[in-house]
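Here's the structure we're looking at; comments come further down.
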Amino acid sequence: MWSLIAPISSLLSGVALLLLGNGLLNTLLTLRGVAEGYSTTMLGLIMSGYFVGFLLGTWLATPLVKRIGHIRVFACCAALAAIAALLHLLLINPWVWLGLRVLYGLGLVTLYMVIESWLNAQAPNEKRGQVFAVYMAVNLGALALAQQLLHLADPVQFTLFAIAAILISAALMPITLTRQAQPSLPETPPSNLRQLWNIAPLAIIAAGLSGLAMGGFWGMAPVYASLAGFDTSGVGLLMTATILGGALLQWPIGIYSDRHDRRQVLLWVVILAVALALIMSLLPAGPLLLGAIFIWGGLAFAIYPIAVAQLIDQLHSDEILSGSASLLMVNGIGSVCGPLLAGLLMEQLGASALPLYFACTLGLLAAYTFYRLRHVSDLVSGDAAHFTPMLRTSPTVLELMPDAPPHESTEETIQS
């Protein structure tokens, strides 16, 4: 394992520091927004801004990297993200925060793309699945650990914003000091959503509704926890429990989905997630709620990876990258809408509206999955895919998936 990790240790260190800062800042902003008296609708709009920037960045990052190179782009975008983190504290205005979140999301997806293109270049074809698994473990571990940094200070103070900016800036050091040659970025695969819909509509619906649910979670769960009665440390504990559930339970769910009808597995995962969301809406702040959201996280985090595996089941090998990129875009669009819709409901119904929002969103997915099972037979093209636990990052990471076609990495020389 060390022989696999050693060549990419600087990249993994960089992404761990980056996500420690990012995970802290995302939760911190919602808590500070609550303290400033922002409505849940406004907070939902602000958090949606991050996903808008994330989507924009997927189109803007590649030309920028090709023009000035990986290290310069990484330094520029890390500086942008750190500046945005601090400006949230210096310019306390919801509309300013919205603009900053768009810029921050744009910068963060570019940082992801730089790191992931380097990982693509360093990972041998036969080891891509292992590199992908290690990378996602670092992602989830850093995001879970970041929530515990909330213990260090009060959200209304300067300290936590400074720590977030320091961590994001610290990610520069292992990346800019790396001796790895700068790789070339892969060409963005063309996508055709209409054709993809004709092939795998269930995967598209699952990706979109998963984005709606998880966008609502990432954007509004800290607000929900705060309104439900958790203190700052409790908010961090709830977020950590959900992320750890997503990290730990994806594996057994994924293994089971590889051995059985994936649509039936998806249906039961969604039904259980809906039931747990309804139970969560009735539970007060406390250990029972933490236990319920731990299991809910394991189920909800698995929906998008199941959608990806379901899609790959129905595609030829040369269609996997373009199809997965399209699925990523659909998931991103759902994530844009999720925080705003959840915020609107929470303003009308209070804290319990968030788990009810989860139940409604995933209930729609359960109904459509049940319809597909009863009335439509999906065709598997070639060998069945392997479930791969994942978070939605940049399209570049798709080349690391075990089922992606082999690629040849090339290096490029960047002229100063």
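The values are calculated or read from the model by the stated rules, or taken from the named source; none is laboratory data. From a predicted model like this one, the values you see are computed outputs, not experimental measurements. Using ideal geometry, Cβ is built from the backbone for each residue, glycine included, and neighbour counts are taken over all protein chains shown. Side chains included, ligands, DNA and RNA excluded: accessible areas come from the protein's heavy atoms. Shrake-Rupley method; radii C 1.70, N 1.55, O 1.52, S 1.80 Å.
At q = 0.09, 0.13, 0.14 Å⁻¹, what is the log10 ratio I(q)/I(0) for region 8-176, with the Debye formula run over Cα points and no solvent?
-0.30, -0.62, -0.71
What ranking do 232-244, 60-72, 212-224 get when scored by the average of other Cβ atoms within 10 Å per residue, highest first?
Packing order, densest peptide first, comes out as 212-224, 232-244, 60-72.
Per the 1.4 Å probe, what fraction of the accessible area of region 8-176, in percent, lies on carbon and sulfur atoms?
After summing per-atom areas, the C and S share lands at 71 percent.
For region 230-306, what is the accessible area per residue in Å², given a 1.4 Å probe and the full set of protein chains?
On a per-residue basis, region 230-306 sits at 40 Å².
If amide hydrogens are placed 1.01 Å from N in the peptide plane, which non-local residues have theirs closer than 5 Å to the one on LEU315?
Under 5 Å from the amide H of LEU315: SER381.
How would HIS375, HIS88 line up by accessible area, probe 1.4 Å, largest first?
Numbers: HIS375 130, HIS88 0 Å².
Listed by decreasing accessible area, they come as HIS375, HIS88.
Given a 1.4 Å probe, how much area per residue of region 8-176 is accessible, in Å²?
33 Å²
Given the C-alpha atoms of region 184-317, compute the convex hull and give its volume per residue in Å³. The partial results should precede the final answer.
Working: hull volume 19.0 nm³, N = 134.
Cα convex hull per residue, to the nearest whole number: 142 Å³.
Relative contact order for region 190-396: what is it in percent, counting Cα pairs under 8 Å that are at least 6 residues apart?
For region 190-396, the relative contact order is 40 percent.
Could you tell me the largest-minus-smallest coordinate of the C-alpha atoms of region 232-300 on each of the three principal axes, in descending order and whole angstroms?
In descending order, the Cα extents are 41, 22, 12 Å.
Name the residues whose placed amide hydrogens come within less than 5 Å of the amide hydrogen of SER281, ignoring near sequence neighbours (fewer than 5 apart) on the same chain.
Sorted by chain and number, the residues that satisfy this come to none at all.
Applying a 10 Å radius around every beta-carbon, put 362-372, 304-314, 197-207 in order of their mean neighbour count, most first.
Values: 362-372: 18.7, 304-314: 24.5, 197-207: 20.7.
Top to bottom by mean Cβ count within 10 Å: 304-314, 197-207, 362-372.
Could you check how much of the accessible area of region 190-396 is carbon and sulfur, as a whole percent, using a 1.4 Å probe?
Working: 5330 of 8090 Å².
Answer for region 190-396 is 66 percent, counting heavy atoms of protein chains only.
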